[in-house]
1. Could you check the range 208-232 and list, in sequence order, the residues that are out of contact with any Phe, Trp or Tyr (no Cβ under 9 Å at 6 or more places or on another chain) and either surrounded by fewer than 19 Cβ atoms within 10 Å (Cβ to Cβ) or in a loop (DSSP other than H, G, I, E, B) (or both)?
2. Does the range 3-16 include one or more residues that are among the charged types (D, E, K, R) and free of Cβ contacts under 8 Å to residues at least 12 places away in the same chain?
3. In this structure, is residue 77 in contact (Cβ under 8 Å) with a residue 24 or more places away in the chain, at negative phi and of a type in the set (Val, Ile, Thr)?
4. Given (1) polar (S, T, N, Q); (2) assigned to a loop (DSSP other than H, G, I, E, B); (3) touching a residue at least 60 places away in the same chain (Cβ under 8 Å), identify the lone condition not met by residue 238.
5. Consider the range 243-258. How many of its residues are out of contact with any Pro (no Cβ under 9 Å at 6 or more places or on another chain) and crowded, with 24+ Cβ neighbours inside 10 Å?
6. Which residue pairs have Cβ atoms under 7 Å apart, sit 6 or more places apart or on different chains, and have a first residue in the range 36-56 that is small (Gly, Ala, Ser) and a second that is at pLDDT below 90 and assigned to a loop (DSSP other than H, G, I, E, B)?
7. Quick one: in the range 280-301, of everything that is of a type outside the set (Val, Ile, Thr) and open to solvent by less than 20 Å² (accessible area, probe 1.4 Å), which residue is nearest to residue 162 (Cα to Cα)?
8. What pairs come up if the first residue lies in the range 248-273 and is under 10 Å from residue 224 (Cα atoms) and among the acidic types (Asp, Glu), the second is part of a helix (DSSP H, G or I) and open to solvent by less than 10 Å² (accessible area, probe 1.4 Å), and their beta carbons are under 6 Å apart, counting only those six or more places apart or on different chains?
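The values are calculated or read from the model by the stated rules, or taken from the named source; none is laboratory data. These figures come from a predicted structure and were not determined experimentally. Because the Cβ atoms are built from the backbone with ideal geometry, glycine has one as well, and the counts that use them run over all protein chains shown. Surface areas here come from the heavy atoms of the whole protein model, side chains and all, with no ligands, DNA or RNA. Shrake-Rupley method; radii C 1.70, N 1.55, O 1.52, S 1.80 Å.
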Amino acid sequence: MFERPLSFTILLGNLPTALRLRLVRLFQSQPDWQVVSSETGAELLATARRLRPGLIIVGQDQLRDIEQLRRSASIPVLLFGETPALPGMLREVAAWGVYGYFQPDSGQPLWAAELLRKVRQAMPAPVRPLAQPTAATAVPGIATGLVIVGGSTGGTLAVEQLVRALPTTLACAVLVAVHLPASFLSSFVDRLRRATALPVVPGGAGVVLQPGQIVVAPGGRNSLVSAATNSPWQAWQTEFTAEPSPSGDEPSLDVLMRSAARTVGRNVLGVVLTGLGRDGTLGAQAIRQHGGTVLVQDEASSAVFSMPKSVIQAGWANAVLPLHELPKAIGRHVALFQQVSAQARQPRLTPARAF
């Protein structure tokens, strides 16, 4: 199943009028590409911070604006110049996100094709279909893997709809982290219990992750995943941590995902739902770098698209799906989790005392 493409937004700076019109016509001829223009440096900065486009195209006279933007946002930049780039110039401005350079249309037939090629270099990796599952046998009492679901604005309703459709045969644990005050934990857990037959419990220090169990991270503090300390088998548990959230949100999806990726490895599936901000992007990066998979909610079904969009633009999303398709995708994917190895299934042995 191939996932629907997302629109790719290109922000044009203060370019020559003829070139701007040429670029608008060229880019709008591409499926799902959007073009936005700005005139002044202040307008460029404001529009870039508001839209978070996939690419910015500016002339050399706006490099200082790009340098200023880089302090608050990381967006690829394609630079335009009337003459060939000076030796070493691109190397110097690469720190500001500039990755390429082009000159006016020379009339050569390959000019447009070469420019499109350079633009596509800034696009996130294409979304590929999820692999078909193979049969997996669960180890009784031991979760085969971990699904981490996170969101912010609109996230409680999205999580409720998602868990309502999760298969009751899940052999993995599910960890939920939504940006809510600590006082909302009990009521949110009760809502999820009414929505699913799967067991739902509040998270805390030393909560061992069980197959088919949904654990809700408390608000107002950050949680992480660590190796279980009181189990004779290899297992995982939740703990509280003083580690600060990179985004300032609590519970931090980034902190939770990064710890899960380090502890569990490739058997982690991250799911980023609707929400404001960028929490989850660094966590998605950690999951992908440890061999795991990341799914994100699409824009049409999101109340606020900021969190999923940030993951997509960073290139860490494996697939983009509407909310109603995510439960089935989760069920398909967790069947791919590698089973606990024979060595991991062995009980932890206490060294014999010397008598």
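1. Across the range 208-232, the qualifying residues are 210, 211, 212, 213, 217, 220, 229, 230, 231, 232.
2. Taking the range 3-16 and keeping what is among the charged types (D, E, K, R), we get 3-4.
Add one more test, that the residue is free of Cβ contacts under 8 Å to residues at least 12 places away in the same chain, and what stays is none.
Checked against the condition, which is being among the charged types (D, E, K, R) and free of Cβ contacts under 8 Å to residues at least 12 places away in the same chain, the range 3-16 yields no hits at all.
3. No.
4. Among (1) polar (S, T, N, Q); (2) assigned to a loop (DSSP other than H, G, I, E, B); (3) touching a residue at least 60 places away in the same chain (Cβ under 8 Å), residue 238 violates only (2).
5. Residues in the range 243-258 being out of contact with any Pro (no Cβ under 9 Å at 6 or more places or on another chain) and crowded, with 24+ Cβ neighbours inside 10 Å: 4 in total.
6. Here the result reads 48/73; 48/75; 54/122; 54/123, each pair linking the range 36-56 to a residue that is at pLDDT below 90 and assigned to a loop (DSSP other than H, G, I, E, B).
7. Within the range 280-301, the match that is nearest to residue 162 (Cα to Cα) is 297.
8. Short answer, once both residue conditions are applied: 254/283.
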